[in-house]
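Here the structure comes first, spelled out in structure tokens, and everything after it is commentary.
The values are calculated or read from the model by the stated rules, or taken from the named source; none is laboratory data. Nothing here was measured: the structure is a model prediction, and the numbers come from that model. Note that each Cβ is placed from the backbone with ideal geometry, even for glycine, and that neighbours are counted across all protein chains shown.
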Amino acid sequence: MTERTGVETITRSVHAEWRGSLRSEARVRDCPPFFTDEPEARGGLFEHPTPAEYIVSGLSGCTVAHVEMFAREVGMPLEGCRVDGRLTMGRFEIGDDRGRNGGILGIELDVEVVSTGTEEELDRVKTLFRENCILYLFTGSATSVEDRWTLVRPG
């Protein structure tokens, strides 16, 4: 699809329905449904990931996929990649300017790349990731995103 601006666009769609106790059931394409929930202290049952956990899960999954794509692009052998993601939020009173982005204080990603490649190759992968990962760029426009990268030798 091309907009009038001449830019090719991609749209991803989700259908979500309320399931009581602050839960929702979401459907994407013909994939199995998934659920969101909230902690008990907020009125949820805390049986499923929270929407915030899905945000950091999406960013972490996007990171893993981009590491593979960009490692291939720079010729870096890849034997594994692990990402530990954290999203930190604060609870602010209504009207408190610190809560303007939903109270998200920051996101941290610890990226571990298992490879026989070089630190220079990892730096190129990291740069490509930071310049091209749409979820990294999107979340970074709303809050600080700190990503720490480690090169681990196989075995």
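Listed residues G106, G85, G80; which is in contact (Cβ under 8 Å) with a residue 24 or more places away in the chain, in the same structural domain as F129 (by TED's automatic domain parsing), in contact with a Pro (Cβ under 8 Å, 6 or more places away or on another chain) and not polar (S, T, N, Q)? Step through it out loud before you land on a result.
Working: G106 fails: in contact with a Pro (Cβ under 8 Å, 6 or more places away or on another chain); G85 fails: in contact with a Pro (Cβ under 8 Å, 6 or more places away or on another chain).
Answer to the selection: G80.
Among the residues making up the range 101-155, those that are surrounded by fewer than 17 Cβ atoms within 10 Å (Cβ to Cβ) and acidic (D, E) are E108, D110, E112, E119, E120, D123, E131, E146.
Okay, residues lined up against (1) in contact with a Gly (Cβ under 6 Å, 6 or more places away or on another chain); (2) surrounded by 18 or more Cβ atoms within 10 Å (Cβ to Cβ); (3) part of a helix (DSSP H, G or I):
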| site | (1), (2), (3) |
| --- | --- |
| G44 | no, no, no |
| P49 | no, no, no |
| V64 | no, no, yes |
| M69 | no, no, yes |
| E73 | no, no, yes |
| V83 | no, yes, no |
| L87 | no, yes, no |
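Residues to consider are E112, E73; find the one that is more than 17 Å from T150 (Cα to Cα) and charged (D, E, K, R). I'd like the intermediate steps shown before the answer.
Values: E112 fails: more than 17 Å from T150 (Cα to Cα).
Answer to the selection: E73.
Here's the yes/no breakdown for (1) in contact with a Cys (Cβ under 6 Å, 6 or more places away or on another chain); (2) within 21 Å of K126 (Cα to Cα); (3) among the β-branched types (V, I, T):
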{"site": "V7", "(1), (2), (3)": "no, no, yes"}
{"site": "R12", "(1), (2), (3)": "no, no, no"}
{"site": "H48", "(1), (2), (3)": "no, no, no"}
{"site": "G58", "(1), (2), (3)": "no, yes, no"}
{"site": "P77", "(1), (2), (3)": "no, yes, no"}
{"site": "R82", "(1), (2), (3)": "no, yes, no"}
{"site": "R98", "(1), (2), (3)": "no, no, no"}
{"site": "I107", "(1), (2), (3)": "no, yes, yes"}
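Scanning the range 109-141 for residues that are in a helix (DSSP H, G or I) and touching a residue at least 60 places away in the same chain (Cβ under 8 Å) yields L128, F129, N132, I134, L135, Y136, T139.
Out of curiosity, is E93 under 13 Å from T150 (Cα atoms) and either out of contact with any Gly (no Cβ under 6 Å at 6 or more places or on another chain) or assigned to a loop (DSSP other than H, G, I, E, B) (or both)? Judged against the criteria, E93 is not a match.
Could you check, for the range 20-34, whether at least one of its residues is exposed (fewer than 14 other Cβ atoms within 10 Å of the Cβ) and not in a loop (DSSP other than H, G, I, E, B)? No: zero hits.
Taking the condition more than 30 Å from G155 (Cα to Cα), among the charged types (D, E, K, R) and not assigned by TED's automatic domain parsing to the domain that holds T143, does R23 pass?
On the way: more than 30 Å from G155 (Cα to Cα): yes; among the charged types (D, E, K, R): yes; not assigned by TED's automatic domain parsing to the domain that holds T143: yes.
Considered against the rule, which asks whether it is more than 30 Å from G155 (Cα to Cα), among the charged types (D, E, K, R) and not assigned by TED's automatic domain parsing to the domain that holds T143, R23 comes out as yes.
Going through (1) modelled with pLDDT under 95; (2) assigned to a strand (DSSP E or B) one by one, N101 falls short only on (2).
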